[in-house]
Structure formats: structure tokens, C-alpha cells
Amino acid sequence: MPELQEDLQALADRRAAESSGDFESVLVAAKTRKRRRTAGLTVIGAAAVVAAVAIIPTLRPASSNAPVAGSPVPTNAVAPPVVETQPSTSALPKIAGPLALRTSTVASGAQFVVAFPDKAVRAATFALFSAAKPDEQLYTLVAKVPGDAMTPYAFKLAGEMGIGLPSYTGPGPYTLAVPKGLPAGAYQVCTLTGARLCSPLTVK
């Protein structure tokens, strides 16, 4: 406690001396303290600027770095288009069995009768192929429909798709017509609905 009292007394004496001194010495002491504070702030400000300059290069993106495999695509990059392969829908179903014909040899423009061994109900539309190219349909054959005087008839697929087809269905037998002017040769006639039934047809 005596040491604390001595320190307090010394501080009081110094304050008294400053207040009793001349005004010029007090002003000089104040200016000195102000310069010290200003110098300290200047040093701190300079240190902050140096630190900021040191940090800025680290914030810039590296423009010369090569992209890393597996990295996400940049927002300004154009992703390559995805090409999807669609399965072909033009492939014909496999032949499930023979189509019964009352006669297998007919003349161009003549009629012939077909029947279904499975007794299934099918539409009155059939397909005619060349025996040499059984996957390329040449004509659509429309069978005789009761009460429709326009049937039977045949038409090519290309350029004639606007032709309306009858919605008639039945278990057969059906009467079909060979297209007029069809060249003599070997052909194949098949059903277009239900299990695919086909049989050879010779045009003389």
C-alpha cells in the first residue's frame, strides 16, 4: 500500500506541474502526442494497403490453367448435344404362320380368296410384297366388305395415303383383288393385323 500511495502522489505532482507550467510547454507536449498518434495511424494504414495488394492476386481466376477432367461445365460453355438413336419402327413382325389361299396362281386384276387357319378376327386390309424383297411393301390390298361396292381394291403406299380404309373386321375368308397391270412374277401376300400370316402368290 505505501508503494501505491507513492505512485498516486507522483502522478498528482506531475499533473500539478503541467497545469502550473507555462501555456507554451503544454501546447508543445500536446502537439508531440498528436504527431505520435498520426505517425502510428499512418504506419497502420500502410500495412493495410500492403496486405490488400498481397491478397488481390489470389482472388483473380487463373486464365491459363487447363480444365481438369471431370470438373463441372462452366456456365458460359456450350454443352455438346446428346444424340439419341431411335429404334426403327419399320421392321415387320415375324411370320407366325401360313395364310390359306384357295388358289396360289392368279392373273393381273383377278380376284382370289384368303382364309385364316387360326380363325382370328382381323381387319380387311392386307399387304402385297415382291418375293425378291419381302420387307418392301408394294401395295395395300383392301378385301371385299359386305355392302361396299368399291371393294375389293389395291393401292400403293406412296402418294395415296389420303385414301380412307374401311373399319370392317371379321374372321374371314376375305376376297382380294390383284392390282391391275401388276407384272407377272412371284409375290407374297400377308395380313396387316393380328399374328402375321403370309403365303406365296404367283401372278401370271
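The values are calculated or read from the model by the stated rules, or taken from the named source; none is laboratory data. For clarity, every value in this text was computed on a predicted model and none was experimentally measured. Just so you know, the surface numbers come from the protein's heavy atoms only, side chains and all, with ligands and any DNA or RNA stripped out. Shrake-Rupley method; radii C 1.70, N 1.55, O 1.52, S 1.80 Å.
Can you pick out the pairs among Lys133/Lys180; Lys133/Lys204; Lys94/Lys204; Lys144/Lys180 whose Cα atoms lie more than 25 Å from each other?
Lys94/Lys204
Report the gain in length on full extension from Lys180 to Ala131: 0.36 nm times residue separation, minus Cα-Cα distance, nm rounded to one decimal.
15.8 nm
Taking all protein chains in place and a 1.4 Å probe, what share, in percent, of the accessible surface of region 117-204 do carbon and sulfur account for?
Carbon-and-sulfur percentage of accessible area, whole number: 59.
Whose amide H sits under 5 Å from the amide H of Leu201, counting only residues 5 or more places off or on another chain, with H placed in the peptide plane?
Tyr187, Gln188, Val189
In percent, how large is the relative contact order of region 111-204, given Cα pairs closer than 8 Å and 6 or more residues apart?
It comes to 36 percent, rounded to a whole number.
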